[in-house]
Amino acid sequence: MEKPLLQQIKELEKEVESLRDENESLWFILEEFEKSNLTNAEYKQRFDEAFKKARFNSMMAVRKVTEA
């Protein structure tokens, strides 16, 4: 038995909205990926600073439990 036309339209509208949301998310991800490209000088500088800070913090962390 076939669904009523109005019900089909509502289901298709939900599907279209879902696809629009997914499309917007993918464009957002692509834009963020482009911004995060290491050839982008601004991003490379930020990345280098964050990496240096993370490396410094990891060197300062206590790795073994020892007696004082």
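The values are calculated or read from the model by the stated rules, or taken from the named source; none is laboratory data. Nothing here was measured: the structure is a model prediction, and the numbers come from that model. Here Cβ is always computed from backbone atoms with ideal geometry, including for glycine, and neighbour counts include all displayed protein chains. These area figures cover heavy atoms from the full protein model, side chains too; ligands, DNA and RNA do not enter into them. Shrake-Rupley method; radii C 1.70, N 1.55, O 1.52, S 1.80 Å.
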Pair list, Cβ under 9 Å, 6 or more apart: the stretch 13-33 residue closer than 21 Å to residue 43 by Cβ, other residue of a type in the set (Phe, Trp, Tyr) and open to solvent by less than 100 Å² (accessible area, probe 1.4 Å): none
Sole residue being within 16 Å of the chain's Cα centre (by Cα) and at pLDDT 80 or above, chosen from 34, 24: 24
Output for the stretch 1-52, where each listed residue is assigned to a loop (DSSP other than H, G, I, E, B), surrounded by 10 or more Cβ atoms within 10 Å (Cβ to Cβ) and of a type in the set (Ser, Thr, Tyr): 36
